[in-house]
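Have a look at the structure below before the remarks.
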Amino acid sequence: MIVPLSQPDVTKKEFNILKKVMKSNVLSIGPYLENFEDKIAKYIGVKHAIAVNSGTSGLHLLIRAFGISQGDQVITTPFSFVASTNCILYEGATPVFVDICPDTLNIDIDKIEEKINEKTKAILPVDVFGHPLDMARIMDIAKKHNIKVIEDSCEALGSEYDRIKTGSIADGSVFAFYPNKQITTGEGGVIVTNHDYISELCKSMRNQGRGTSNLWLHHERLGYNYRMNEFNAALGCAQIDRLDEILNKRMLVANKYCENLKAVKGIKTPFISPNVTNMSWFVYVIQLEPHINRDNLMKYLIDNGIQCKPYFTPIHLQPYITKLFGFKEGDFPITESVSQSTLALPFFNNIKKKQINYVVESLIKGIEVFSG
Ligand SMILES: *Cc1c(COP(=O)(O)O)cnc(C)c1O
């Protein structure tokens, strides 16, 4: 049996809406873009949504919009997908890493304040694997020090902490729509913010720095082509209309894994804080106890048709980052030990019961073989 790690969930609705785009003759800068942005803004409960061609583009535009540049520092987490650090590097600013909580795997909020100094311009926390951050606390710290917060919610559309939705209270936040995310646009992302000025700036910069004058070849600032086209936006419209259904399906899959795995010795199933009032599952990542050789177990599962991956490799130990900043093993011990023990299991909306059972059985067999 082959079980992929991830698989998008597209229905007739998605096919039909894409046909409509093709027949409309408007393939970019059209009605679906605005429609998608309206739906996102309404769902999150923010004033503005600005759709872009990737989550990374969205993070980059926010870094620029807040004027973060060379000499500035941004506090972030080393346990993430590299995009959350790369966006800081694009502008020549310096990422300042803070280690994570071993349970939520999100940045340890208790350790943020000690890293703030006169160069700190922003905090860029990440809702890792969909587990929402305690954003109210992060916003309090940022306000006290008069710095900005950019929330990387790329993995957490729909999650809530103490009834606060991810992306809803930071100065600017980003969701992403690569095919393995909760909903997909193929490639794509969206910036959400309540600041009018930040919204205007991001809209201008995604469109080659054009102003709001509608003069096509009038450019007011350095911009990019980070536009989301109508196919991507239309796909997003069809997907977000199904968001409740999709998140529910994912929850059922996660629950099934949790049930089947909670009694298995040697593994830790994902932790969900009691403050989480809604969990939007991005991936299903287990942690293995140190006596189990993760890499051998992973190879065994892959050989048996089960796609699985270590999530994540610490950002501070990526070769180009160590070259830039000289980090070494041991600098962020919790991130490092978690990284060595994680295993993302096949996880997608329409995974079949027998596929889940096969993954669980194979995992149990593999653990027996590879326990030291
Ligand atoms: C997916 C993701 C992004 C954005 O990725 P893109 O491929 O550029 O859309 C950013 N940060 C995190 C943590 C992500 O998981």
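The values are calculated or read from the model by the stated rules, or taken from the named source; none is laboratory data. Here the structure is a predicted model, which is why all the values come from computation and not from measurement. Glycine gets a Cβ as well: all are built from the backbone with ideal geometry, and neighbour counts include every protein chain shown.
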Among the helices (runs of 4 or more DSSP H) contained in the range 1-117, which hold 1 or more residues that are within 16 Å of the ligand (Cβ to nearest atom)? 31-44, 55-65, 83-90
Across the range 118-144, the tally of residues that are over 30 Å from PRO310 (Cβ atoms) and either in a strand (DSSP E or B) or under 23 Å from the mean Cα position of the chain (by Cα) (or both) stands at 7
Within the range 145-165, work out how many residues are more than 12 Å from the ligand (Cβ to nearest atom), in a loop (DSSP other than H, G, I, E, B) and not aliphatic (A, V, I, L, M). 5
Conditions (1) over 12 Å from the mean Cα position of the chain (by Cα); (2) within 12 Å of the ligand (Cβ to nearest atom): number failed by SER168: (2)
The condition from (1) surrounded by fewer than 20 Cβ atoms within 10 Å (Cβ to Cβ); (2) touching a Gly at 6+ places or on another chain (Cβ under 6 Å); (3) more than 23 Å from GLU34 (Cα to Cα) that ASN296 misses is numbered (2)
For the range 85-132: of the residues being touching a residue at least 40 places away in the same chain (Cβ under 8 Å) and in contact with a Leu (Cβ under 6 Å, 6 or more places away or on another chain), which is surrounded by the fewest Cβ atoms within 10 Å (Cβ to Cβ)? PRO125
Would you point out the residue of the range 236-277, among those that are surrounded by fewer than 16 Cβ atoms within 10 Å (Cβ to Cβ) and in contact with a Leu (Cβ under 9 Å, 6 or more places away or on another chain), that is modelled with the highest pLDDT? PHE271
Which one is farthest from the ligand (Cβ to nearest atom) among residues in the range 199-229 that are among the aliphatic types (A, V, I, L, M) and surrounded by fewer than 21 Cβ atoms within 10 Å (Cβ to Cβ)? LEU215
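Evaluate the following for THR120: is it farther than 28 Å from GLY330 by Cβ and modelled with pLDDT of 95 or more?
no
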Restricting attention to the range 299-340, report how many residues are surrounded by fewer than 12 Cβ atoms within 10 Å (Cβ to Cβ), of a type in the set (Asp, Glu) and over 22 Å from ILE367 (Cβ atoms). 1
Pairing a residue in the range 274-300 that is more than 16 Å from the ligand (Cβ to nearest atom) with any residue that is in a helix (DSSP H, G or I) and among the basic types (Lys, Arg), where Cβ atoms lie under 8 Å and the two sit 6 or more apart in sequence or on different chains, gives LEU288/ARG294
Suppose the filter is aromatic (Phe, Trp, Tyr), more than 15 Å from the ligand (Cβ to nearest atom) and within 30 Å of ILE246 (Cα to Cα); does PHE177 pass it? no
Restricting the search to the range 25-49, which residues are loosely packed, with under 14 Cβ neighbours inside 10 Å and charged (D, E, K, R)? GLU34, ASP38, LYS42, LYS47
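If you take the residues of the range 213-240 that are of a type in the set (A, V, I, L, M, F, W, C) and without any contact (Cβ under 8 Å) to a residue 40 or more places away in the chain, which of them is nearest to LEU62 (Cα to Cα)?
In this case the residue turns out to be LEU222.
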Close pairs (6 angstrom Cβ cut-off, 6 or more residues apart or separate chains): under 28 Å from ASN357 (Cβ atoms) in the range 306-328, at pLDDT 95 or above and of a type in the set (Val, Ile, Thr) anywhere: ILE306/VAL3; ILE306/VAL359; PRO310/THR342; TYR311/VAL285; TYR311/THR342
